[in-house]
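A short write-up of the structure that comes next.
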Amino acid sequence: MNVLLVTVDSLRADRVSPDVMPATRSFADEALEFAECVANGPSTPASFPAILASRYFASIEGLGLPEPGSDDGIRTLAESLRDAGYATAGYTDNHFASGSYRYDRGFESMYDASGTTEAGRLKQFVQSNLDKDGAVFKTIETVYNRADALFATATGNDSEYERAESLNDRAIEWIGDQTGEWFTWLHYMDAHHPYEAPEEYQRQFLDEPLDLATCRGLSRKGTHHPEAVTDREWELIRKLYDAECAYVDDQFDALLDALRERNELDETLVVFTADHGELVGEHGHAGHPPEFWEGVLRVPLIVSHPARNDAERAEPVEGQVRLLDVAPTIADALGLDPHAGWEGESALAVADGEADPREYGFADVGRQIEYARCCARRADGWKLLRHADDGELCFDVSATPEERPEDDRGDDAPEYGDLARALDDHQARMKRLREGGSDAVAEDDEMVEQHLKDLGYME
């Protein structure tokens, strides 16, 4: 059986809906949909060790994965499938999910568009020739937005990243050359800010589409200056985000159609998920800050297995699972043994009622904050957020999913003690694992800062 893994950057679970992503919603209705999947981090660097290697981000010193063969117990899904005889290929346009951070481990072919496409080179040119830390940029920020848009328009690049349609074409061409079983991973960047969907998708949500400079300006304002965003601008940001999600919906559907036309879909395990969610005005933020709100942590997880799909399936699978479980779930679906060093477990056992939901889902970030921002989410919906200097928050998200300030139960909640102990234990274990020698790319590496700027996290 072939394997197709599609990860979408910044896709919230609640956007897989009939109004925004109808094709993906229909796909989920006939597959195994896990309604309570939580990301193990609020960003690409924090989530991808979990997705591709079933390891917590905080268990590895630095960003990404260690060098292959470094005797650290880490093994990627691609390495396992390659060694099982699969041809392997990956397609990405996110620095932090690329070979720069060793996510090419196990892939015989890795297409990394970040910084190599014409759009990527122009983006780097603009950034290197306009000092965004200087007084001119801080005073007249629209200069950057307009220059950025002009470069994109001049070269026909209507997106900050290579579009999903292009990645689909590359992957389908590679699949067409295979004679045996294959594993293909695609990482779509379209739902990541800046939200700049093609006009036909904007028209589904807006009376009139917005030009490229306006789209990018709104995204930068929401990400870097959210306190200045008006109610009307938040509405536009939400609609632009939905337009990008609608575009992703069409492209994922087109990818499935291409496999169907090749008579390969019925022989392919398809897994659809996201590395994290997105805020579009909640808690005064846009994007995915290093915080652990439900809009950032809740992600879709859909598993389509030809032998298990059921068009009459009425309800999604209840019970908490984690991105950490993606690799073991794929191995289980293929009848392969999971790697001993994987932290997750197969979600199929939860779907079959053979295992309880994951009692705890942990999430971490680490860049320059000594792993002091972390979260524990319990299967019953209780959640403890540690936001470093911003303090702790404790919510029952089953009862109060909006996580408003008045919903914070603090350390007075009877569940607080269990959550705090579980999170303390998790942090202590992660520290032991980091000290055990799992070294990746150093977080103070100049490349890391440049990639953060390229992705819009730093001005």
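Taking only segment 83-103 into account, find how many residues are on the phi > 0 side of the Ramachandran plot and either touching a helix residue (DSSP H, G or I) at 6+ places or on another chain (Cβ under 8 Å) or modelled with pLDDT of 95 or more (or both).
1
Restricting to segment 46-88, name every residue that is of a type outside the set (A, V, I, L, M, F, W, C), in contact with a strand residue (DSSP E or B) (Cβ under 9 Å, 6 or more places away or on another chain) and assigned to a loop (DSSP other than H, G, I, E, B).
Selection gives TYR56, GLY62, GLY64, PRO66, GLU67, SER70, ASP72, TYR86.
Across segment 180-190, what is the total count of residues that are more than 16 Å from VAL3 (Cβ to Cβ) and hydroxyl-bearing (Ser, Thr, Tyr)?
1
Regarding VAL317, is this residue among the β-branched types (Val, Ile, Thr) and at pLDDT 95 or above?
no
For segment 167-212: of the residues being in contact with a Leu (Cβ under 6 Å, 6 or more places away or on another chain) and among the aliphatic types (A, V, I, L, M), which is nearest to ILE330 (Cα to Cα)?
LEU186
Restricting to strands (runs of 3 or more DSSP E) lying wholly in segment 365-422: which have 2 or more residues that are without any contact (Cβ under 8 Å) to a residue 40 or more places away in the chain?
In segment 365-422, 382-387, 392-396 are the strands (runs of 3 or more DSSP E) which contain 2 or more residues that are without any contact (Cβ under 8 Å) to a residue 40 or more places away in the chain.
Could you tell me whether any residue of segment 33-40 is touching a residue at least 12 places away in the same chain (Cβ under 8 Å), within 30 Å of ARG203 (Cα to Cα) and either part of a loop (DSSP other than H, G, I, E, B) or not aromatic (Phe, Trp, Tyr) (or both)?
Within segment 33-40, one or more residues are touching a residue at least 12 places away in the same chain (Cβ under 8 Å), within 30 Å of ARG203 (Cα to Cα) and either part of a loop (DSSP other than H, G, I, E, B) or not aromatic (Phe, Trp, Tyr) (or both).
Any residue at all in segment 71-80 that's under 30 Å from GLU315 (Cβ atoms) and of a type in the set (D, E, K, R)?
No, the conditions are met nowhere in segment 71-80.
Being over 16 Å from the mean Cα position of the chain (by Cα), of a type in the set (S, T, N, Q) and at pLDDT below 90 narrows it down to one of SER59, SER80, SER70, so name that one.
None of the others qualify; the one that does is SER70.
Could you tell me whether segment 34-46 includes any residue that is under 28 Å from TRP174 (Cβ atoms), within 18 Å of the chain's Cα centre (by Cα), hydroxyl-bearing (Ser, Thr, Tyr) and modelled with pLDDT of 95 or more?
No, segment 34-46 contains no residue that is under 28 Å from TRP174 (Cβ atoms), within 18 Å of the chain's Cα centre (by Cα), hydroxyl-bearing (Ser, Thr, Tyr) and modelled with pLDDT of 95 or more.
Here are the criteria: (1) modelled with pLDDT of 95 or more; (2) in a helix (DSSP H, G or I). Tell me which single one LEU433 does not satisfy.
So the condition that LEU433 fails would be (1).
All but one of (1) modelled with pLDDT of 95 or more; (2) closer than 19 Å to SER43 by Cα; (3) outside any loop (DSSP other than H, G, I, E, B) hold for TRP174; state the number of the condition that does not hold.
For TRP174, the failing item is (2).
Restricting attention to segment 185-198, does a residue exist that is assigned to a helix (DSSP H, G or I) and among the charged types (D, E, K, R)? Talk me through it step by step, then tell me what you get.
Within segment 185-198, the subset assigned to a helix (DSSP H, G or I) is none.
Among the residues of segment 185-198, not one is assigned to a helix (DSSP H, G or I) and among the charged types (D, E, K, R), which makes the answer no.
Looking at segment 159-205 only, could you name the residues that are buried (at least 21 other Cβ atoms within 10 Å of the Cβ) and of a type in the set (Asp, Glu)?
Answer for segment 159-205, where residues must be buried (at least 21 other Cβ atoms within 10 Å of the Cβ) and of a type in the set (Asp, Glu): GLU160, GLU162, ASP190, GLU196.
Can you tell me which of ARG232, ARG238, ARG220, ARG216 is in contact with a strand residue (DSSP E or B) (Cβ under 6 Å, 6 or more places away or on another chain), of a type outside the set (S, T, N, Q) and either part of a helix (DSSP H, G or I) or closer than 19 Å to MET21 by Cα (or both)?
Working: ARG232 fails: in contact with a strand residue (DSSP E or B) (Cβ under 6 Å, 6 or more places away or on another chain); ARG220 fails: in contact with a strand residue (DSSP E or B) (Cβ under 6 Å, 6 or more places away or on another chain); ARG216 fails: in contact with a strand residue (DSSP E or B) (Cβ under 6 Å, 6 or more places away or on another chain).
It is ARG238.
The values are calculated or read from the model by the stated rules, or taken from the named source; none is laboratory data. Being a predicted model, the structure only gives us computed values, none of them experimental. Positions of Cβ are backbone-derived with ideal geometry, glycine not excepted, and every protein chain shown enters the neighbour counts.
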